[in-house]
Amino acid sequence: MINHLIKTGLRLIVLGLFFRAGSILPQEADLGLFQGQEDIGDVLNKGSVEYNSIQQSYLITGGGENVWFENDAFHFIWREASGDISLASDIPWISGGGDPHRKALLHIRQSLDPDSPHASAVLHADGSTAVQYRTTKGGQTHEIRSNITVPQRLRIEKEGDYVFMSVAQVNESLHSAGGSFRIQFEDPFYIGLGVCAHDNNTLAQALFSNVEISTNQPVVESTLEIITFATKDRQVIYNTTGRIEAPNWSRDGSYLLYNGGGRIYKISVNGGEPELIDTGFAIRCNNDHGISPDGKLLAISDGTEERTSIIYTLPVTGGTPQRVTPVGPSYWHGWSPDGKTLAYCASRDGEYDIYTIPVKGGQEKRLTTAPGLDDGPDYSPDGRYIYFNSVRTGTMQIYRMKSDGSEEEQLTFDAYNDWFAHPSPDGKWLVFVSYKEDVSGHPANQDVMLRIMPAEGGEIQVLTTLFGGQGTINVPSWSPDGDRIAFVSYRLVQP
């Protein structure tokens, strides 16, 4: 899932006729402050956005019946965000006619599901304004109506678990519209701009300009590194603002793959500029990806088609993804040494367990059944075992089992929460990331350790300490010779 915003203000003049001088771009291309666009819910007429690369404005066309009740239907241009954040824009309606309740939205949303919790600063076509919200998935939508009409500018503000709206009329500074409500958004969530026609048979347009996203949250800085097993010395390969995650080492040892912003990138082990891998329609890749034993294929986990993670394969050099798992969420983690089987974590009927499936697709096989999360499966080099992590004892520990799911055995027993064990190419060692005992899950931005132990179990050594967690070492990242391990460390920088 990339999740981090730099405080920025884009000042521009609203000129409807001049808009045609800008660029009309698809979802994959540059959308300025935003990462993607799509119709939410049951929308009869497909929406779109024309992004003006000169003026940095967004002309959004949207259909849909409403953003209300238990389900929503509208066009949404979005990016992932976290923490305290605000979004402001001028919103002059430019399309005549239509329902007077059609909406232009400054929108915060937990997920892209139509019944997701959300909060919106809303400008209706009749000039009325309100802040509207659904606090629970599938719940009713409510509103706080403002006594301000026909504002020139709106702002939605998330501060902790509260959401506010501010308004400004011509020649006026933004000020509170009054009223607030409590809603809990889990990081990451979505923030962006939307249009709803309030009539599923038509389309409406609104021009969003002078758009500003502000956050007091620190900016994430990512460093792709390599650590030498024998000496524990670390080498920086690449440093960048924003979040990159989960390096894989190529089978010939010449380059690394990582994900960032929903895409997969390639970079030489000697550094340099990253190269974008063509993953076709799959532009919401998460940090569960890896290269086949023969080096020809790449497995990815992506949420573009189903809005939940599905596993695909494609040529490692780029190409059209071929679907493997029939349903989601499914998160790739391991490739059998013979290249015929994928191991992954999947949620079925609300329970996360370890599954395997043929690379070419087919019937998936469930390997674990213990209550609680089982995650992070990775094969031993000889194919006899699958290593994984499980919370079945109350803390996350490392286990292994035969590749058919039999003979499960626990390998770590201390107070740390251990995740994502990856065996070395010679099968002698396991490297994994360890969180403090009071940390639940595998969140980002934590003090963690990379630790190493014999693959059969035994004394655990600290390889290095770092600020990391989610994205540091989710997937296999040993060098082919077994001498080095790739990982990502992070830093929070005040903007």
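Go through the residues of region 87-94 one by one and say whether even a single one is in the same structural domain as Arg182 (by TED's automatic domain parsing), at positive phi and buried (at least 23 other Cβ atoms within 10 Å of the Cβ). First the steps, then the outcome.
Start the filter on region 87-94 by keeping residues that are in the same structural domain as Arg182 (by TED's automatic domain parsing), which leaves 87-94.
If we keep only those that are at positive phi too, we end up with none.
No; the residues of region 87-94 include none that is in the same structural domain as Arg182 (by TED's automatic domain parsing), at positive phi and buried (at least 23 other Cβ atoms within 10 Å of the Cβ).
When Val122 is tested against (1) touching a Lys or Arg at 6+ places or on another chain (Cβ under 7 Å); (2) in a loop (DSSP other than H, G, I, E, B), exactly one condition is not met: (2).
From the set of residues in region 262-288 that are out of contact with any Asp or Glu (no Cβ under 9 Å at 6 or more places or on another chain) and part of a loop (DSSP other than H, G, I, E, B), which is surrounded by the most Cβ atoms within 10 Å (Cβ to Cβ)? Restricting to residues being out of contact with any Asp or Glu (no Cβ under 9 Å at 6 or more places or on another chain) and part of a loop (DSSP other than H, G, I, E, B), the top hit is Asp288. Return a yes/no flag: does region 70-85 have any residue that is at pLDDT below 95, buried (at least 23 other Cβ atoms within 10 Å of the Cβ), farther than 13 Å from Ala206 by Cβ and not assigned by TED's automatic domain parsing to the domain that holds Gly262. Yes; the residues of region 70-85 include at least one that is at pLDDT below 95, buried (at least 23 other Cβ atoms within 10 Å of the Cβ), farther than 13 Å from Ala206 by Cβ and not assigned by TED's automatic domain parsing to the domain that holds Gly262.
All conditions but one from (1) modelled with pLDDT of 95 or more; (2) over 23 Å from the mean Cα position of the chain (by Cα) apply to Glu456; the one that does not is (1). Entry remark, region 425-450: residues being among the charged types (D, E, K, R) and within 23 Å of Ile291 (Cα to Cα) number 2 in total. Note on region 338-358: residues that are of a type in the set (Phe, Trp, Tyr) and within 22 Å of the chain's Cα centre (by Cα) amount to 2.
Taking the numbered list (1) surrounded by fewer than 22 Cβ atoms within 10 Å (Cβ to Cβ); (2) in contact with a Phe, Trp or Tyr (Cβ under 9 Å, 6 or more places away or on another chain); (3) within 23 Å of Trp335 (Cα to Cα); (4) not polar (S, T, N, Q) in turn, Tyr379 passes all entries but (1). Restricting attention to region 95-115 and to residues that are within 18 Å of the chain's Cα centre (by Cα) and part of a strand (DSSP E or B), the residue that is surrounded by the fewest Cβ atoms within 10 Å (Cβ to Cβ) turns out to be Arg109.
Residue count for region 411-438, restricted to those that are β-branched (Val, Ile, Thr) and under 15 Å from Leu466 (Cα atoms): 2.
Just to check your reading of the model, which residue among Arg400, Arg451 is in the same structural domain as Thr240 (by TED's automatic domain parsing) and under 26 Å from Arg366 (Cα atoms)? Result: Arg400 is the single residue among Arg400, Arg451 that is in the same structural domain as Thr240 (by TED's automatic domain parsing) and under 26 Å from Arg366 (Cα atoms). Restricting the search to strands (runs of 3 or more DSSP E) fully inside region 377-427 and requiring at least 3 residues that are within 26 Å of the chain's Cα centre (by Cα) gives 385-390, 417-423.
Condition check for Gln140 on (1) under 20 Å from Asp90 (Cβ atoms); (2) exposed (fewer than 13 other Cβ atoms within 10 Å of the Cβ): one failure, at (1).
The values are calculated or read from the model by the stated rules, or taken from the named source; none is laboratory data. Quick caveat, the model's predicted, so the values are computed rather than measured. Note that each Cβ is placed from the backbone with ideal geometry, even for glycine, and that neighbours are counted across all protein chains shown.
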